Amino acid sequence: MADSSEILAGLDRDQSIAVTAPAGPLCILAGAGTGKTRAITHRIAHRVRSGQVRGQHVLAVTFTARAAAEMRERLGKLGAEGVQARTFHAAALRQVRYFAPRLFSGRPMPELLDSKARLVGLAATKAGLKTDREVSRDLASEIEWAKASLIEPDDYAAAAAKALREPPFDAALVAKVYAHYERAKRAQGVIDFEDMIRAAIWAVEEHPDVAEQVRAQYRHFVVDEYQDVNPMQQRLLEAWLGGREDVTVVGDASQTIYSFTGASASYLVDFQRRHPRATVVRLTRDYRSTPQVVGLANAVISRARGELSRLRLELVGQRPPGPEPTVRTFADEPEEAAAVAARCAELIAAGTPAREIAVLFRVNAQSEVYQEALAEAGVPYVVHGTERFFERTEVREAMIALRSYRGEDEGGLVPTVHAALARTGWMPDSAPAGGAQRERWEAVSALVSLAEGMAGGGAASLDEFNTELQRRAAVQHVPTVEGVTLSSLHSAKGLEWDAVFLVGLTEGTLPVIHARTPDAVEEERRLLYVGVTRARHTLWLSHAAARTPGGRPRRQSRFVPSSTPPSGAGQSGNGGPGYPRRPLDKAAIAGKARRVMAVSCRVCGTGLVNGADRKLGRCSTCPSDLDEDLLARLQDWRARLAAIQKVP
Ligand code: ATP
Ligand code: MG
């Protein structure tokens, strides 16, 4: 474990200034890969280990459960004991649960709605609107945006017009649905995620005794990815602070990609105005990527326009040179996917671990063709962000069966797990041939593989296994084969891989077809910047001239630079229809492809696609004749929702 001087050893001069800055407001403004997350974890560890603050008085907040878990892990390694690293939602939930008897007149916290769409659908019917599941989800997103922006139903129409929102119905009707939805929740005695953050705000703002206790507990605040904070979360942060100023914020305006959910980089930009005595540190040295990748990232973002582009910081690469980024055009999507899969296989055969490779796309619907191609090429893969493993019915049932199993801790963990799961009907040797049943069997088998792994690492009890499952469920850490990550660009933020494939870079997909305002187009450009800056070494950008063989022609995304500054001149336009599909040396590829995750229906997003419907990509209950544009819009909204789902 590092001592406090070792904590400073692996930092450059600017990072050290940030880490050792005295108590008080601190703002780290820096580009991707410059060590922002590293600087704040080291700052916390340094302050705790040198005795300046006690770990239990530090609250570090971020936006995804995965980021929070990663921060806890890094803090643990640096020996910063007791620090709370949580998402805004998790911190709020914990606080509201703790104070519930005081806040709700002795009753426990109201139940949390796990999905808004059903209740919103009912509210829409009440408002006289005809909706289906997808439109209900669009309405739910609008309501989510309004609530995160602290906009009440009466003010929705004016605010939506000002923010250039494009709701699925006339804004006055959406406002009506919003009002009905709020009433329906109250009538049922349930709350949604935004209500929970509001309850945490209300608890502190309106209850002096709660405020005193919360502020005595949390004295030092750190917020990562601060450019993504929304007005509701900012208000909670201010309620916690109660006028105090020991707060460190870290952000990169060029990575603002959640404005559509209500996030606003203005809090980052205005930090110094709100805290005039703030220390401001700018980091520009990029420690993540080769100069070639950095050159391309700079080229992408140098063309940015609008308000946030003024805050752009030119990155300076620190790592040794690597290969030039590859820019390729293919005839159609299956050909593009086959080429990506072939290149992944080559990288793996040459020694890059599959887990160090990511294929990133704009909308989750793009994932399907890559799943097919990777499976075909014998490359293991993991789908990130499209489906929540621990929310699958069979996984939840299996976990209940494991928790309630009282049979005799005989022969060790694995036979016990088998015996407990046998009660749910799962049998180790009864894998169904295919389809949804096979997906369910695979999901439960993934839990068994985890038990096998734990048992192999030493004696583990069923209790320990259940605790591990709960921990993983809390951080959505899916037990699965290690493989190439398939992820949306939104879900990839803050993460890094040795090799990154940015695929489907086509007009209409990036920028996505309904990004119509200049601001929305700029947000799409920043998404590409986020994607480019995920790569440490190997970077590939590609697009297909048509979706299907012989289909309607499409142009390459306007954001892909035709040439890049000195260090990063990419190749362009080659490798078209004639791109060789070399036979694969499958024996050389470590691991065996397994379709661990279910393939979701392109229409409803939740139904499972069985073999016969695979070509249409829809489940047996959904229509197959939807207009492509409507489908693209539905899929995009779903991608956005999946990207912003946060785990309490
Ligand atoms: P993002 O904007 O994508 O969130 P970031 O600014 O938070 O990026 P980090 O994830 O903290 O960047 O760091 C990027 C990579 O650079 C990590 O692998 C980190 O370990 C490494 N790194 C950061 N600072 C240094 C340093 N001083 N020396 C060596 N490596 C470093
Ligand atoms: Mg970071």
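Just so it is clear, none of the values below were taken in a lab; they were calculated from the coordinates. Remember, predicted model here, so these are calculated numbers, not experimental data. Virtual Cβ from ideal backbone geometry, glycine too; neighbours counted across all protein chains shown.
Observations
- Cβ-placed point charges (K, R +1; D, E -1), dipole of region 27-163 about Cα centre in debye, nearest 20: 760 debye
- For VAL484, the residues 5 or more places off, or on other chains, whose built amide H falls under 5 Å of its own are TYR381, VAL382.
- Computed E for LEU112/VAL316 - FRET, C-beta separation, R0 45 angstrom, nearest 0.05: 0.50
- Check: region 11-61 dipole with +1 on Lys, Arg Cβ and -1 on Asp, Glu Cβ, in debye: 160 debye
- THR284 versus HIS418: modelled label distance in nm, points set 7 Å from Cα along the beta carbon direction: 6.3 nm
- Normalised by residue number, the volume inside the convex hull of the Cα atoms of region 240-320 is 125 Å³ per residue.
- Karplus-derived HN-Hα couplings along region 59-72 (A = 6.51, B = -1.76, C = 1.60, θ = phi - 60°), whole Hz, x at Gly and Pro: 10, 10, 10, 9, 10, 10, 4, 5, 5, 5, 5, 5, 5, 4
- When the charge dipole of region 34-179 is built from unit charges on Cβ atoms (+1 for Lys and Arg, -1 for Asp and Glu) and taken about the Cα centre, the candidate among ALA45, LEU59, TYR98 whose Cα reaches farthest toward its positive end is ALA45.
- Charge dipole (Cα centre; +1 on Lys/Arg Cβ, -1 on Asp/Glu Cβ; no other charges) of region 110-191 amounts to roughly 220 debye.
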